[in-house]
Amino acid sequence: MVFNTGAALLDAVVLAVVGKEEEGTYGYKITQDVRKVLEISESTMYPVLRRLQKDGCLSVYDREFGGRNRRYYKITEQGQAQLRLYRVEWKNYSAKINRLFDEEEFI
């Protein structure tokens with residue numbers, strides 16, 4: 001992708017991915033799902049997950065899997081509210097960019 005991915009967009013995408021899983025999901029799967037739309041490494045993903053947890057947007061719990069603990073992330077009510085805000089902002093932002101690219105009147 002030729003466009004840089006800012007922190008807010010990455011946060012929005014991560015919250016959208018985690019929000020689709022009612023019981024939560026684990027870091028590697030989150031990374032794989034985010035990679036379907038953005039180029040990102042695992043080393044970039046885990047600081048994002050920690051920041052979203054610190055900000056109260058994600059909760060964390062561990063579950064045994066294959067003899068090891070796997071850390072799961074689940075979106076919180078605060079995270080859902082933030083995701084709703086991101087969705088509104090994205091619709092407004094992308095509509096303006098689309099109008100510009102489509103050479104329609106830019107407001």
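The values are calculated or read from the model by the stated rules, or taken from the named source; none is laboratory data. Everything numeric in this text was worked out from a predicted model, so none of it was measured. Backbone-built Cβ (ideal geometry, glycine too); neighbour counts: all protein chains shown.
Observations on the model:
- Checking Y72 against (1) modelled with pLDDT of 95 or more; (2) closer than 25 Å to N4 by Cα, the condition it does not meet: (2)
- Contact annotation: residue pairs with Cβ atoms under 7 Å, 6 or more positions apart or on different chains, pairing a residue in the range 4-15 that is over 15 Å from K29 (Cα atoms) with a partner that is assigned to a helix (DSSP H, G or I) and of a type outside the set (A, V, I, L, M, F, W, C), are A12/Y86.
- Here G19 meets each of (1) surrounded by 13 or more Cβ atoms within 10 Å (Cβ to Cβ); (2) in contact with an Asp or Glu (Cβ under 9 Å, 6 or more places away or on another chain) with one exception, condition (2).
- The residues of the range 51-79 that are part of a helix (DSSP H, G or I) and surrounded by 13 or more Cβ atoms within 10 Å (Cβ to Cβ), listed by number, are R51, L52, Q53, Q78, G79.
- Among residues of the range 80-105 that are exposed (fewer than 13 other Cβ atoms within 10 Å of the Cβ) and at pLDDT 95 or above, none has a Cβ under 7 angstrom from a residue that is outside any loop (DSSP other than H, G, I, E, B) and of a type in the set (F, W, Y) at a sequence gap of 6+ or on a separate chain.
- Checking A12 against (1) surrounded by 12 or more Cβ atoms within 10 Å (Cβ to Cβ); (2) part of a strand (DSSP E or B), the condition it does not meet: (2)
- Test for G24: is it on the phi < 0 side of the Ramachandran plot, surrounded by 13 or more Cβ atoms within 10 Å (Cβ to Cβ), modelled with pLDDT of 90 or more and not hydroxyl-bearing (S, T, Y): no
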